[in-house]
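What follows is a single structure, written as structure tokens, with notes after it.
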Amino acid sequence: MNIVITGTGSYLPGTIITNQHFDDSFFYDTAGLPLAHSQTTVVEKFKSITGIQERRYASPAQNMSDLAAMAAKKALENSSVDAEQIDAIILAHNFGNVESGSPLIDIMPCIATRVKHLLKIENPNCVAFDILFGCPGWVQALILARQYLIAENAKRILVVGGETLSRVIDPHDRDSMIYADGAGAVVLERNDEPAKNGILATCAQTHSFDQAYFLYYDVSNKKEPVEKAKYLKMDGKKIYEFALNHVPLAMKECLEKSGTDIRQLKKIFLHQANEKMDDAILKRFYKLYDISPPPEHVMPMNIGMYGNSSVASIPVLLDEVLNNKYPEHTLLPGDVILLASVGAGMSINAVTYKI
């Protein structure tokens, strides 16, 4: 039995926000004090660390469910599958629909149900549900979809990741420059062909003993006036150290479970969180195999153009690579790739996949 991706799709909203957008911002530290450096210096340092030059924001009229439905529709079209033949929709997100200008999070009905509604799927046996798993949510949804296809003897599942992080960020926190909006999707199918391909192995972990609140929800860094609204917050230094210590080990475990030799690994798709962190993870991973430096062109990245769209980052990047957007990252049948992510929880996961 093989569990394979038969179609991919992504949607990025049209509003492009460059780094210059933040030149007139007023950033404060967690104690409520203005940052010592000028805004220009803060923005320049931000780019040197994250690699982000611009990001995409949804228009005021768009909800996250709209972005997700558009990505899902493209995946269905790419797979040539009739939407009525889908057995389930699993949708990863963190904040649901957040209307423009509102601090309220809307997750009822669940976003997967809304996507099913927008796709006009009538089949009541197409089960729709959400998953909350931090930034690794889409990869975890892929893992769950594989298990569902095997356990329920289902045929096809739509796996979607979507986020509008631009609506849950603190405008007075410099970390707000990292986040972005977008959606990505795949159609995952079960087949009984003799040749082994598709998902070869998976790995998932949650480290919550000391690390549960490295990402959290809290009030604005600007302490006055006091407001009830809360925003996405993170301890960047702790997350960086955690990722370097744990993600490469999880990647190695997943690769070895698949029986794949490191020299057969064609591409690595990491969650697009931070260019410097992803580069460090890649180097640490290959050092586990006594390989330094890593092979050239092994890790596609698009964070510079799109920012960190959380659960959407890997499926968007995968869709672009499979559709030959980046000439140096062409994939062919038989190539083995590794998907890996880290995020709130703190959770980690990985999937080894053969094209």
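The values are calculated or read from the model by the stated rules, or taken from the named source; none is laboratory data. Bear in mind the structure is a predicted one, so any value in this text is a computation, not a measurement. Backbone-built Cβ (ideal geometry, glycine too); neighbour counts: all protein chains shown.
The table below gives the values:
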| item | result |
| --- | --- |
| Subset tally (residues that are more than 15 Å from Val311 (Cβ to Cβ) and touching a helix residue (DSSP H, G or I) at 6+ places or on another chain (Cβ under 7 Å)) for segment 156-175 | 6 |
| Criterion (surrounded by 22 or more Cβ atoms within 10 Å (Cβ to Cβ), farther than 30 Å from Asn191 by Cα and at pLDDT 85 or above) met by exactly one of Ile52, Ile90, Ile86, Ile17 | Ile52 |
| Condition broken by Met277, with the remaining ones in (1) touching a residue at least 40 places away in the same chain (Cβ under 8 Å); (2) among the aliphatic types (A, V, I, L, M); (3) within 26 Å of Leu165 (Cα to Cα) satisfied | (1) |
| Test: Thr40 is in contact with an Asp or Glu (Cβ under 8 Å, 6 or more places away or on another chain) and farther than 24 Å from Gly182 by Cα | yes |
| Residue in segment 32-47 that is surrounded by the most Cβ atoms within 10 Å (Cβ to Cβ), counting only those that are in contact (Cβ under 8 Å) with a residue 24 or more places away in the chain and touching a Lys or Arg at 6+ places or on another chain (Cβ under 9 Å) | Val43 |
| Some residue of segment 300-318 being more than 17 Å from the chain's Cα centre (by Cα) and either within 28 Å of Lys47 (Cα to Cα) or of a type in the set (Ser, Thr, Tyr) (or both) | no |
| Tally, over segment 93-130, of residues that are surrounded by fewer than 17 Cβ atoms within 10 Å (Cβ to Cβ) and at positive phi | 2 |
| Wholly enclosed helices (runs of 4 or more DSSP H) of segment 260-355 bearing at least 3 residues buried (at least 18 other Cβ atoms within 10 Å of the Cβ) | 275-287, 313-322 |
| Complete set of residues in segment 95-138 that are at pLDDT below 95 and hydroxyl-bearing (Ser, Thr, Tyr) | Ser100, Ser102 |
| In segment 1-59, the residues that are over 30 Å from Lys196 (Cβ atoms) and small (Gly, Ala, Ser) | Gly14, Ser25, Ala31, Gly32, Ala36, Ser38, Ser48, Gly51, Ala58, Ser59 |
| Failed item in (1) in contact with a helix residue (DSSP H, G or I) (Cβ under 9 Å, 6 or more places away or on another chain); (2) more than 30 Å from Ala154 (Cβ to Cβ); (3) surrounded by fewer than 17 Cβ atoms within 10 Å (Cβ to Cβ), with Met1 passing the rest | (2) |
| Residue in segment 191-208 that is surrounded by the most Cβ atoms within 10 Å (Cβ to Cβ), counting only those that are modelled with pLDDT of 95 or more and not hydrophobic (A, V, I, L, M, F, W, C) | Thr202 |
| Segments classed as strands (runs of 3 or more DSSP E), wholly inside segment 1-108, with at least 1 members that are within 17 Å of the chain's Cα centre (by Cα) and not assigned by TED's automatic domain parsing to the domain that holds Lys233 | 2-11, 54-57, 88-92 |
| Answer residue from segment 185-209, given it is in a loop (DSSP other than H, G, I, E, B) and polar (S, T, N, Q) and is farthest from the chain's Cα centre (by Cα) among those | Asn197 |
